[in-house]
Amino acid sequence: MSDVVLLLITGLGLGALYFLVAAGLSLIWGLMRVLNFAHGAFFTVGAYAGWTASTALPSASPWLSWSISLVAGIAAGGVFATLTEVVLIRPLYARPVGQVLVTVGVSLCALALVEGTYGNDPKQILLPDALTGTTTILGAAITNARLLVIFAAALVLVLLLLFLSRTRYGLIVRAGVENRAMVEALGIDVQRAFTLVFAIGGMAAGLGGVLAGAYYGTIDPSRGTSMLIFAFIVTVIGGLGSIGGSAVAAVLVGVLQQFLNFYAAAGVGDFAVVALLAVVLLVRPGGIAGSAPT
Amino acid sequence: MRGRTLLIAAAVLALLVALPWIGVPIPGLFERSLDAPGTLNVLALCFVFGTLALSYDLLFGYVGLLSFGHALYFANGAYVFAIALTRWHVGLPAALALTALAAFLLPLALGAICLRMRDIPFAMVTLAFAEAGSILVMQNPLGLTGGEEGLALSADALPAALVGVPNTHNLYWIALALLIVAYAVARRAVDSPAGHVWQAIRENERRVAVLGLNPYGFKLGAFVLSAMIAAAAGVVYVLLQGGANPQITTSGFTLALLVMVVLGGVGTLWGAVLGGIVYEYLDFRLVALANAPVLQAFPAVVRIPLSEPLFLLGLLFIVLVLFVPGGFGGLVRRRAPAAP
């Protein structure tokens, strides 16, 4: 029993990390039809910005130091994403393939810079004692950091849903996902919404980077790439453009992966996720939340 | 005009074939003289990547299929060949036959599934399958692939003429022959009636369907042909490198392919070949730059970006995408006077 609970919560934590990356990807694709390969770089830059901030500003309290790294990671992800959109993606609105290619270039450059600056070896993350301690749930000892990751992702999900349903910009984003040409025809400036969606996606990915450091205990330059691939899979399974669909798919993928990697063999879970993607696309091409692909 | 192009092509070809006998050092471009095994090996690798870029351009540039999983088919050729030779000890001819069979069947099966999607979903499914392939190789099933360590070819599995540093020129000629044959096949294919349908699909798939042709079959044909050329490049890569390594299965490798093709010019075969050659050469030379003593004198802000080949290649890629959409091929076409 405790095994099952442990795997379930670990899988939920992994799903939470996938969701933080996938949410931005899904919104960006839904609104702008840009497949953003740079999203893994936002994640990695956030993680390293957090690490740098907490080591550069040593403070007496580990909580304060970790909070600083959280803020730094979110800020770095948001700023990097906004710059990417404004400087590189905006000039290419007429060329959708060019936009995808530019994000590929951004991810190559950013990853190379991070590797050059920090090296390839994993960096240890210093966490407050309260996060490295464990809580016993139904007989399973769970690291508090994992619970925090799940809680944070749930909070982001609620905030995003509130933003989309209650604010004016949320309304524009939702309308843009449905029919961008119509929103433009009504005289609404969609470009501002594009930048906003990129900033939000980058902030969520940066947060994901710092939280992944807490989840795994270390950060390394290559994790962003594998996160990105699984986040792609999550967005497609969830239905591109749907935040709720991404959340459901993230949990499904994370939990499935953990259970199969434990009970079958290491690697089988990752394999099963790819198989799940193939099945979903063949049976229901629009994903869980979607209808027909556009 | 056409006659002159042919003449230039023939001259370049003759020069490339004769290269192992020309012991001229080219300072700045290569560290050693042209006939040195090290130089020949780099050039041969450039030809392999030129071939690979060519196969990717066949798919992306001519049919408009943006695949993010092309590395899988290159790795397919490389790993099946290496496994057949070193793990199953079947001998060279049987290993080649087995590789050819796998090179045909794998893209046929996976392409049949992937091509039920279009555009971005297609790109994502190909990415997912390639990731599955990469995981499989890393897991080292039955001890076949060697996992992270890669799989080294045992020297006694190959004819003596293909083994050892003094025989590098033979491998060089094989790589050159691969590039020429692949180019000829691709050229014939895109100029054939099926090739015209491919380009029509790239422009407007629905229209092709309305004309009564089935785009699915044509796309699958292009997918399999392109994957088979990639697998052939994989075989020569294994011969050159003396084994297969898991880096060639990663999504990063496919992205490198994309960079090569865009560098050279999407939709021109020779442009893609040039892109692959230039990319591989730069990748090799920029590593040398990273270790150059001159660079150590600079402050970290300058030194670190310059010592990362991928950063410089990525930057070059971004600049090309933004300002020179046609790549090298586009530059030349723009310069050339309009055809009469």
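Quick one: what pairs do we get from the stretch B:137-164, first residue within 14 Å of another protein chain (Cβ to nearest Cβ) and on the phi > 0 side of the Ramachandran plot, second surrounded by 17 or more Cβ atoms within 10 Å (Cβ to Cβ) and part of a loop (DSSP other than H, G, I, E, B), C-beta under 7 Å, 6+ apart or different chains?
B:Asn140/B:Gly146
Identify, by number, the condition in (1) surrounded by fewer than 24 Cβ atoms within 10 Å (Cβ to Cβ); (2) within 11 Å of chain B (Cβ to nearest Cβ) that A:Leu252 doesn't meet.
Of (1) surrounded by fewer than 24 Cβ atoms within 10 Å (Cβ to Cβ); (2) within 11 Å of chain B (Cβ to nearest Cβ), only one is false for A:Leu252: (2).
Applying the selection to the stretch A:15-52, what residues are in contact with a Phe, Trp or Tyr (Cβ under 9 Å, 6 or more places away or on another chain), of a type outside the set (Gly, Ala, Ser) and under 25 Å from A:Ser65 (Cβ atoms)?
A:Leu17, A:Leu20, A:Val21, A:Phe42, A:Val45, A:Tyr48, A:Trp51, A:Thr52
Let me spell it out: the conditions are (1) surrounded by fewer than 21 Cβ atoms within 10 Å (Cβ to Cβ); (2) within 14 Å of another protein chain (Cβ to nearest Cβ); (3) not in a helix (DSSP H, G or I), and B:Phe68 meets all of them except one. Which number is the exception?
For B:Phe68, the failing item is (1).
Determine which single condition A:Val177 fails, assuming it passes every other condition in (1) aliphatic (A, V, I, L, M); (2) farther than 27 Å from A:Val210 by Cα; (3) modelled with pLDDT of 85 or more.
Evaluating A:Val177 over (1) aliphatic (A, V, I, L, M); (2) farther than 27 Å from A:Val210 by Cα; (3) modelled with pLDDT of 85 or more leaves (3) as the failure.
Enumerate the helices (runs of 4 or more DSSP H) found wholly within the stretch B:118-219, keeping only those where 1 or more residues are small (Gly, Ala, Ser) and crowded, with 16+ Cβ neighbours inside 10 Å. Explain how you work it out, then say what you get.
Numbers: elements: B:119-139, B:168-191, B:193-203, B:205-210.
Those helices (runs of 4 or more DSSP H) span B:119-139, B:168-191, B:193-203.
Among the numbered conditions (1) surrounded by 11 or more Cβ atoms within 10 Å (Cβ to Cβ); (2) closer than 21 Å to B:Tyr279 by Cβ, tell me where B:Gly28 comes up short.
(1)
Taking into account only those residues within the stretch A:269-290 that are facing another protein chain (nearest Cβ under 7 Å) and in contact with a Leu (Cβ under 9 Å, 6 or more places away or on another chain), which is nearest to B:Arg116 (Cα to Cα)?
Only one residue fits best here, namely A:Phe271.
Tell me which residues, restricted to the stretch A:257-268, are within 14 Å of chain B (Cβ to nearest Cβ) and surrounded by fewer than 23 Cβ atoms within 10 Å (Cβ to Cβ). Walk me through how you get there before you give the answer.
Within the stretch A:257-268, the first condition is being within 14 Å of chain B (Cβ to nearest Cβ), and the residues that meet it are A:257, A:260-261, A:264-268.
Correct list: A:Leu260, A:Asn261, A:Ala264, A:Ala265, A:Ala266, A:Gly267, A:Val268.
Is it the case, given these coordinates, that B:Ser55 is within 30 Å of A:Leu35 (Cβ to Cβ), polar (S, T, N, Q) and not in a helix (DSSP H, G or I)? Explain how you work it out, then say what you get.
Numbers: within 30 Å of A:Leu35 (Cβ to Cβ): yes; polar (S, T, N, Q): yes; not in a helix (DSSP H, G or I): no.
For B:Ser55, the condition - within 30 Å of A:Leu35 (Cβ to Cβ), polar (S, T, N, Q) and not in a helix (DSSP H, G or I) - is not met.
What is the one condition in (1) surrounded by 15 or more Cβ atoms within 10 Å (Cβ to Cβ); (2) within 14 Å of chain B (Cβ to nearest Cβ); (3) not in a helix (DSSP H, G or I) that A:Ile142 does not satisfy?
If we test A:Ile142 against (1) surrounded by 15 or more Cβ atoms within 10 Å (Cβ to Cβ); (2) within 14 Å of chain B (Cβ to nearest Cβ); (3) not in a helix (DSSP H, G or I), just (2) comes out false.
Given B:Thr86, B:Thr126, which one is in contact with a strand residue (DSSP E or B) (Cβ under 8 Å, 6 or more places away or on another chain) and more than 7 Å from every other protein chain (Cβ to nearest Cβ)? Spell out how you get there, then give the answer.
On the way: B:Thr126 fails: in contact with a strand residue (DSSP E or B) (Cβ under 8 Å, 6 or more places away or on another chain).
Testing whether each residue is in contact with a strand residue (DSSP E or B) (Cβ under 8 Å, 6 or more places away or on another chain) and more than 7 Å from every other protein chain (Cβ to nearest Cβ) leaves just B:Thr86.
May I ask you to list the residues in the stretch A:32-54 that are away from chain B (no Cβ under 14 Å) and in contact with a Lys or Arg (Cβ under 9 Å, 6 or more places away or on another chain)?
A:Phe43, A:Ala47, A:Trp51
Would you check if there is a residue in the stretch A:194-201 being more than 17 Å from the chain's Cα centre (by Cα), without any contact (Cβ under 8 Å) to a residue 12 or more places away in the chain and part of a helix (DSSP H, G or I)?
Applying the first criterion (more than 17 Å from the chain's Cα centre (by Cα)) to the stretch A:194-201 yields A:194-195.
With the extra rule that they be without any contact (Cβ under 8 Å) to a residue 12 or more places away in the chain, the set shrinks to none.
No.
If we scan the stretch B:80-95, do we find a residue that is part of a loop (DSSP other than H, G, I, E, B), buried (at least 18 other Cβ atoms within 10 Å of the Cβ) and over 21 Å from the mean Cα position of the chain (by Cα)? Break it down stepwise before answering.
First pass over the stretch B:80-95, keeping only residues part of a loop (DSSP other than H, G, I, E, B): B:87-91.
Okay, now just the ones that are also buried (at least 18 other Cβ atoms within 10 Å of the Cβ), so none.
The answer is no; no qualifying residue exists.
Within the stretch A:208-228, can you find the residues that are buried (at least 24 other Cβ atoms within 10 Å of the Cβ) and under 14 Å from the mean Cα position of the chain (by Cα)?
Within the stretch A:208-228, A:Gly208, A:Gly209, A:Val210, A:Leu211, A:Ala212, A:Gly213, A:Gly224, A:Met227, A:Leu228 meet the criteria.
Spot the failing condition for B:Leu220; the list is (1) free of Cβ contacts under 8 Å to residues at least 60 places away in the same chain; (2) more than 15 Å from the chain's Cα centre (by Cα), and only one is missed.
(1)
How about the stretch B:81-94: which of its residues are in contact (Cβ under 8 Å) with a residue 40 or more places away in the chain and of a type in the set (A, V, I, L, M, F, W, C)?
B:Phe81, B:Ala82, B:Ile83, B:Leu85, B:Leu92
Identify all residues within the stretch B:226-278 that are of a type in the set (Ser, Thr, Tyr), away from chain A (no Cβ under 12 Å) and under 16 Å from B:Thr51 (Cβ atoms); write none if there are none. Working first, answer last.
Residues of the stretch B:226-278 that are of a type in the set (Ser, Thr, Tyr), as a first pass: B:226, B:237, B:249-251, B:254, B:268.
Next cut, away from chain A (no Cβ under 12 Å) only: B:226, B:237, B:249, B:268.
Listed by number, the residues that qualify are B:Ser226, B:Tyr237, B:Thr268.
Sort through B:Leu7, B:Leu13, B:Leu58, B:Leu54 and tell me the only one that's touching a residue at least 60 places away in the same chain (Cβ under 8 Å) and over 30 Å from B:Pro121 (Cβ atoms).
Numbers: B:Leu7 fails: touching a residue at least 60 places away in the same chain (Cβ under 8 Å); B:Leu58 fails: over 30 Å from B:Pro121 (Cβ atoms); B:Leu54 fails: over 30 Å from B:Pro121 (Cβ atoms).
Just one listed residue meets the conditions, B:Leu13.
Identify, please: which residue in the stretch B:223-265 is under 16 Å from B:Ser67 (Cα atoms), of a type in the set (Gly, Ala, Ser) and modelled with pLDDT of 95 or more and is, among those, surrounded by the most Cβ atoms within 10 Å (Cβ to Cβ)? Break it down into steps so the answer makes sense when it comes.
Filtering the stretch B:223-265 down to residues under 16 Å from B:Ser67 (Cα atoms) leaves B:223-231, B:248-262.
Filter again for of a type in the set (Gly, Ala, Ser), leaving B:226-227, B:230-231, B:251-252, B:256.
Still in the list and also modelled with pLDDT of 95 or more: B:226-227, B:230-231.
Numbers: B:Ser226: 28, B:Ala227: 28, B:Ala230: 30, B:Ala231: 27.
Applying the filter and picking the extreme gives B:Ala230.
(1) of a type outside the set (D, E, K, R); (2) within 14 Å of chain B (Cβ to nearest Cβ); (3) more than 18 Å from the chain's Cα centre (by Cα): which one isn't true of A:Val104, the others all being true?
(3)
So that you can scan it fast, the table gives a plain yes or no per residue for (1) away from chain B (no Cβ under 14 Å); (2) β-branched (Val, Ile, Thr); (3) farther than 30 Å from A:Gln191 by Cβ; (4) in contact (Cβ under 8 Å) with a residue 40 or more places away in the chain:
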site	(1), (2), (3), (4)
A:Leu64	yes, no, yes, no
A:Leu83	no, no, no, no
A:Val86	no, yes, no, yes
A:Leu92	no, no, no, no
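The values are calculated or read from the model by the stated rules, or taken from the named source; none is laboratory data. Just so it is clear, the model here is predicted, and its values are computed rather than measured. Every residue, glycine among them, receives a Cβ derived from its backbone with ideal geometry; neighbour counts consider all protein chains shown.
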